[in-house]
Amino acid sequence: MRQLRIDLSKCDAGRATCQHECESSCVEKVFKLTDPAMAALHIRELADGSGQAVLCDQCGDCVVVCPTEALSRNKLGVVVIDKKVCVGCYMCMGFCEKEIFERNPEWTEPYKCISCGICVKACPHAALEIVDVPEPAYRIL
Amino acid sequence: MIQVNGDGMEWQDGLTVRGVLVHRNFRFPLLIITVNGELVQPKAYDSTLVPDGAEVQVVHLMSGG
Amino acid sequence: MSQFVFDPTKVMDIDFTKRTEYLEGLEAIKAAHKVLKEISFTPSLPDKGYNHRSLYVNVGTLEVKEKPVTQQMKDVFLGGRGFGLWHLWNAVKPTTRWNDPENEIIICPGPVSGITQYAGTGKSLVVTLSPQTDIPIDSNVGGYFGPLLKFSGFDALEIQGKSECDLIVFIDGQKGIIRIEEAPEEPVDSHVLAEVLTHMYAENDADRVNISVVCTGAAAEHSLIGMLNFSWWDHRRGCIRLKQAGRGGIGTVFRNKRIRAVVCRGPQVKGDLNNVADYETIAKTGIKYHKEIRENDPYQCMMRRNGTAHIVEIMDAYDLLPTHNFQYGSHPDTHKIDSAYWQSRCTQKTVDGCWYGCSMACAKGADGLVVKTGPYKGHTVTVDGPEYENAAGLGSNCGVFDPDYLLELNFYCDTYGICTITYGTLTAFVMECYQRGILNKERTGGLEMTWGNAEDDLEMMHQMARGEGFGIIAGQGVKKMKEIFIKNGWGDPKLINDIGMENKGLEYSQYMSKESLAQQGGYALTNKGPQHDEAWLIFMDMVNKQIPTFEDKAEALYYFPLFRTWFGLNGFCKLPWNDVVPSNNAQQPEAHKIPEHVQNYVDIFTATTGIKIDKDELIHQSAKVYNFQRIFNIRMGKGLRKDDHAPFRALGPVTTEEYLSRQERYDKQIAEEMKLDPTTMSLEEKMAAHRSWRQGRYEQLTDAVYKRRGWTPNGVPTLERLKELGLDAFPEVVDVVKLHL
Ligand code: SF4
Ligand code: SF4
Ligand code: SF4
Ligand code: SF4
C-alpha cells in the first residue's frame, strides 16, 4: 500500500525557504483548485516554530463507513473515491480521525489524498516520501 | 446519609460517585451527575468522593423509544 | 458506564452474504403481469424540499392524477404526517371505516427527507384510518421509498379505492411512468416479494439501489394488525432489507385494497437532489454530527453496535422491562437476550443505515438464521433487528428468552407483515389469560400458550398467516379479544379489562408505565394510541424525580409530544436526537432536551426550506398538526376524555402477585402518600386503596395536561387555541370543535 510520509525535521513549515509547494502543487495539479488550504495534506506551523503535518495514511476507516461502497482500495492499496456512486453523505469525513478527508463547497463529492506523489516532487527539501507499507487490518467502526 | 435523586442512601467513608451508581444499579450510559450542584465528568466517577450529607443528582437522559 | 465494551473477537463468524434466494420463478411471475393503466409524467426534483405536487392513485377506478401542494398546506401542515392527515381528512367522512373504499393510505416523506448529510433523514410517514382504532394512525418508517418518491417528483402518494384483483403500483421516476399492473402470481410474504420485485424492476445490478418496495405479508390479510415493510437494497449483503411502518394495521388496509406492492424506481441519489436553500449549513452540521458519533457513540449507547437493543438490560436493571404481560419489570433470564448477546449475534462488519448518511446506523441485521418452523423451515434468512421493542415484546413480555426463537418470531412478524409491538403485547395478553384460566387448550384450539412456549407462539402466528383457528381471533388485537372473551363468559370482565394492554384499540408498546405517572399520560394521552414515540418520560419522572408536580408533568407532556411530532412532519428519525449526546451536553441549560441537537434540527430545517425558524417556532409548527389530529379523532368519534382512559395494568398492580412483588414500594406509598397505615390493612384493602389513589392521580394529571395543551376538561381544543394555531381558517375543523364545547 502506497502511503505518504513526512520527515518533519526536514520540513520548513515556517516558510523561511519554502512556500508550502506541497500544498499548492497538490491543490492545483491533483484537484484543479487554487486555495492551498484545500489540499489533501496540511502542513501547519505551530507557535514554537515547529511543523505539524496532517496526512492521509490510507488507513481505510473511511472505506468501512461509506454506505455506497464509493470508497475502495485500488491496485496499489490506495483508498480512492468513485464519484459516480458517492451520495455526498460525508460520513467518510466525520469518521476520518485525522480529519483529512476534504471538501470543496462547490462540489457535492468530497475528495482525499491519492498517494500520487506530486507533493513529494514539489517539496524543495525532500521532506515527503511515498513508501510501500502493508495494509492495516479492517476495523469495525 | 446522603440524598440520591431525593432518596436517602447510607454514607460510608471513601464513597465515590461510582459507588453510588453501583449501589443504586444505575447502569444507563447517558447520565448527568452533580454532587452538591457540581457537575462530575464521566472520567471522574471513580475518583470523585461523595462527602457525607451530600445531595447527589443523577439525571438520566432519555434514550431508546 | 457499566456498558459492555465492544470486543470484535466475540462477534459470531457468520457469512453475511449467504441466504436462501427466491429468484427462480421471477420470469414467470413477471410474464403474468397485465398492465391495467399506464400514464406518463414529467419527473422533477424538489425545490427547497418540495415538489409542490402529490400523486393520487385510485386502485379501484384506476384514476391517476397529480394534485398541487398548496402554500396553505405547507404553512399549516408542513409535510410528512401533516400532509398525510390533511389528505385523509379530505378523503373520509365521520362514518368512514378502514375498509371503505374512500379510506386512503398516504405515504409522505416531508421536506427534509432525502438529504444525505445528517443522520436519520430518510423517513416516510404513513397515515390511514386504522382498523384497530377507527381513527387516523401514523407511522414513521425508514427505507428508501420516501426519498425516492420525492426525487421522482412527488411530495406525497395518496392511494384510495379498492381493487378487485391483486395489483402493483409502479412509479418510475427515471422514465416518468406510472403503471398499475395486475399481479396474480406474486409471492405473498415480504422477504420474498421485496427481493423478487427489486430484481424485476431494476434494469441492471447497479439500478437496484434505486428501487424501494412497499409491501406486506400473508398475516395482513387475516388480521387487523397488518404492517407495511419499506425496503432498500443492501449492496454489501446483496439482499433487500426491510423497515416497518408497524402500528395500527396499515398493512391490513393495504391488503384490503388488494395492493400487493407499491414500487418506486427513483433516480440515482446524489447529495444535492433535495435542492436545499443552504447546502453549506447542512453539510457542516452533518459532518459535525458524524464526528460526534465517531467520538461518543462507543462510550455512550453504542448504537452502531447494538441498535436500540442496548437498553434491554438497562430496562431490566431499572425494573422497567415488561415481563409476563407487563406484570413485572425484570427477569433472571434477561441476560440471554441482552445487548451483549445481540452485539455478538448481529453482523458488525457492514454498514447499517436505513438511509444514506445515517451514522447512527441502528438498523442492525442478524444474518444466517436457519428457520425452524413454518413455510420457510430450513431457509437461511437475514433478520432485521431485533430492536428493543422486539426483544422486549416478543421476548420478556411473553417469557421467551431463547434468542433463536426470538429472531424467528421477529423474522415471521416482518415477512408475514404484522407489527412486532402489537403481536408481542397481544400474545402476552393471551398468555396471561391462559395462565389465569380465561383461556385453555380447548379455547385456543390446542395451542398451549404458557409463558415462554415459543413453539406454540409461532404456531399461533402461522395460523394468523394461514387465516386459521385461534390465530384469527388473536389477530383481531387485544381490544376485540377482550370483547370476545367477555361475551363468551370466559372470565371476570373486570380482570380481562384490567390486564388487556390497549388504549383507543391500540396495544401498548414495551415500557412499564405503572410506577411513572407521567408515562401513564405519555401513553394514554396520545393521539394515535399508546406508542412511546410521543413522550418517553419514565427516567425524568420516576428515576430522576425531575418533574414532581402535576404541572411539571403536564409541561413535559406538552413539550415532548410536540417536539417529537416535528420529526414526523419533516421526515426525520427520532433516534439521532437523543441516542448520542455532545460531550459538553451536561453543561448546557435544559440538558435533557439536548439543546445542541435541537439547534441542529432548527438549522437543518431552515437550511432546507429557506424558512427561518427557532426552537419555539418548531413547537408551534407541531402544535398545529397535533391539535388538528386531535380534532380529527373527535370527528371520527374518539379523541375525548373517555378515550384517554388507561387499563389498570398500565397504572398499578392488578393482581396480588404484582402487589407482593413490589410490596415495600406500595406499602410505603400507602403510608407516605395516602397517609394510611398499611400494617392495619388487608392485602385486598391495600390494593383497593392503590387503585383509587392511582386512578385519582391519573385524572388529576389528565386535568393538568388538558389545561396546558389548551383543551377543555373533556379534551377538546378550545376556539382560542385554534385561533392561536391558525386552524380557525378551516371552517369544517371549527365545526367539529363547536359540537363539543
Ligand atoms: S513538506 Fe516540503 S513543501 Fe511542504 S511545507 Fe514542508 S518543506 Fe515545504
Ligand atoms: S481519508 Fe482519513 S479515514 Fe480515509 S484513508 Fe485517509 S486517513 Fe484514513
Ligand atoms: S460522501 Fe461519498 S465517499 Fe464519503 S462516505 Fe458518503 S458516499 Fe462514501
Ligand atoms: S500524494 Fe498526491 S493527493 Fe496526496 S497529498 Fe500529495 S499531491 Fe495531494
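The values are calculated or read from the model by the stated rules, or taken from the named source; none is laboratory data. Just so it is clear, the model here is predicted, and its values are computed rather than measured. Every residue, glycine among them, receives a Cβ derived from its backbone with ideal geometry; neighbour counts consider all protein chains shown. Protein only, heavy atoms only, side chains kept; ligands, DNA and RNA dropped before computing areas. Shrake-Rupley method; radii C 1.70, N 1.55, O 1.52, S 1.80 Å.
Summary table below
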| quantity | calculated |
| --- | --- |
| Relative contact order %, chain C, counting alpha carbon pairs below 8 Å whose residues are six or more apart | 15 |
| Per residue accessible area in Å² of the protein assembly as shown, where ligands, DNA and RNA are left out and the probe is 1.4 Å | 34 |
| Sum of -39500 (n - 2.57) over DSSP H runs of 4+, divided by residues of the protein assembly as shown (222 nm, nearest 500) | -9500 deg cm²/dmol |
| Prolate/oblate/rounded call for chain C, Cα gyration tensor, a/c under 1.5 rounded | rounded |
| Prolate/oblate/rounded call for segment C:301-507, Cα gyration tensor, a/c under 1.5 rounded | prolate |
| For segment C:153-194: relative contact order, % (alpha-carbon pairs under 8 angstrom, 6 or more apart) | 29 |
| Amide hydrogen neighbours beyond the local backbone of B:Thr16, cut-off 5 Å, H modeled | B:Val50 |
| Peptides ranked, highest mean first, by Cβ atoms within 10 Å: ranges C:707-720, C:640-653 | C:640-653, C:707-720 |
| Given charges at Cβ of Lys, Arg, Asp, Glu: the protein assembly as shown dipole, positive-most of A:Ala37, C:His33, C:Thr415 | C:His33 |
| Per-residue average of Cβ from other chains inside 10 Å of C:281-293 | 4 |
| With DNA, RNA and ligands ignored, accessible area of C:Leu739 (1.4 Å probe; Å², nearest 10) | 140 |
| DSSP beta bridge pairing in segment B:2-60, given as percent antiparallel to the nearest 5 | 85 |
| Rounded if a/c under 1.5, otherwise prolate or oblate - segment B:2-60, Cα gyration tensor axes | rounded |
| Fraction of accessible area attributable to carbon and sulfur, segment B:2-60 (%, probe 1.4 Å) | 49 |
| Positive-end residue of C:Thr373, B:Ile2, A:Thr17, charge dipole of the protein assembly as shown with Cβ unit charges | C:Thr373 |
| Carbon and sulfur %, accessible surface of segment C:105-184 computed with the full protein complex present, 1.4 Å | 36 |
| Student exercise, segment C:373-510 dipole from Lys, Arg, Asp, Glu Cβ charges, in Debye to nearest 20 | 620 |
| Whole-Hz couplings from phi, Karplus 6.51/-1.76/1.60, listed for segment B:4-13; x for Gly and Pro | 10, 6, x, 9, x, 9, 4, 9, 9, 4 |
| Positive dipole terminus of segment A:2-125, leading residue within A:Leu8, A:Val54, A:Ile81 (C-beta point charges) | A:Ile81 |
| Overall dimensions of the protein assembly as shown as given by Cα atoms, namely Rg and Dmax in Å | 28.4, 96 |
| Förster-model FRET efficiency, 22 Å R0, A:Trp107 and A:Glu135, C-beta, rounded to 0.05 | 0.20 |
| DSSP bridge orientation in the protein assembly as shown - percent antiparallel, rounded to nearest 5 | 85 |
| Cα-centre dipole for segment C:169-232 with unit charges at Cβ (Lys and Arg positive, Asp and Glu negative), debye to 20 | 240 |
| Neighbouring partner chain Cβ atoms per residue of C:538-545, average, 10 Å criterion | 5 |
| Heavy atoms of C:Glu699: accessible area, 1.4 Å probe, square angstrom to 10 | 60 |
| Integer Hz, Karplus 6.51/-1.76/1.60 couplings in order for segment C:518-523, x for Gly and Pro | 4, 6, 4, x, x, 8 |
| Rounded accessible area of A:Ser9 (nearest 10 Å², 1.4 Å probe) | 100 |
| Per DSSP, loop trypsin sites (Lys or Arg not before Pro) in segment A:1-66 with at most 15 further Cβ within 10 Å | A:Lys10, A:Arg15, A:Lys32 |
| Protein accessible surface hidden between B and C, which excludes ligands and nucleic acids, total in Å², probe 1.4 Å | 2600 |
| In the A-C interface, the accessible area buried, summed over both sides, Å² (probe 1.4 Å) | 2400 |
| Fraction of antiparallel bridges per DSSP, segment C:146-303 only, in percent to nearest 5 | 75 |
| Per-residue ³J(HN,Hα) for segment C:52-62, Karplus 6.51 cos²θ - 1.76 cosθ + 1.60, θ = phi - 60°, Hz, x for Gly and Pro | 6, 8, 10, 10, 10, 10, 9, 7, x, 8, 6 |
| Protein-only accessible surface order, largest first, of C:His335, C:His310 at 1.4 Å | C:His335, C:His310 |
| Relative contact order [Cα under 8 Å, 6+ residues apart], segment B:2-60, whole percent | 51 |
| Net charge dipole size for the protein assembly as shown [Lys, Arg +1 and Asp, Glu -1 on Cβ; Debye, nearest 20] | 1620 |
| Averaged over C:109-120, number of beta-carbon atoms from partner chains that fall within 10 Å | 2 |
| Solvent exposure, largest accessible area first (probe 1.4 Å, DNA, RNA and ligands not counted), of C:Trp451, C:Trp342 | C:Trp451, C:Trp342 |
| Among C:555-565, C:43-53, C:371-381, the order from most to least packed when residues are scored by Cβ within 10 Å on average | C:555-565, C:43-53, C:371-381 |
| Under-5 Å amide H pairs with C:Lys37, H placed in peptide plane, nonlocal only | C:Ile180 |
| Listed peptides A:61-71, C:520-530 by packing density, highest first (mean Cβ within 10 Å) | C:520-530, A:61-71 |
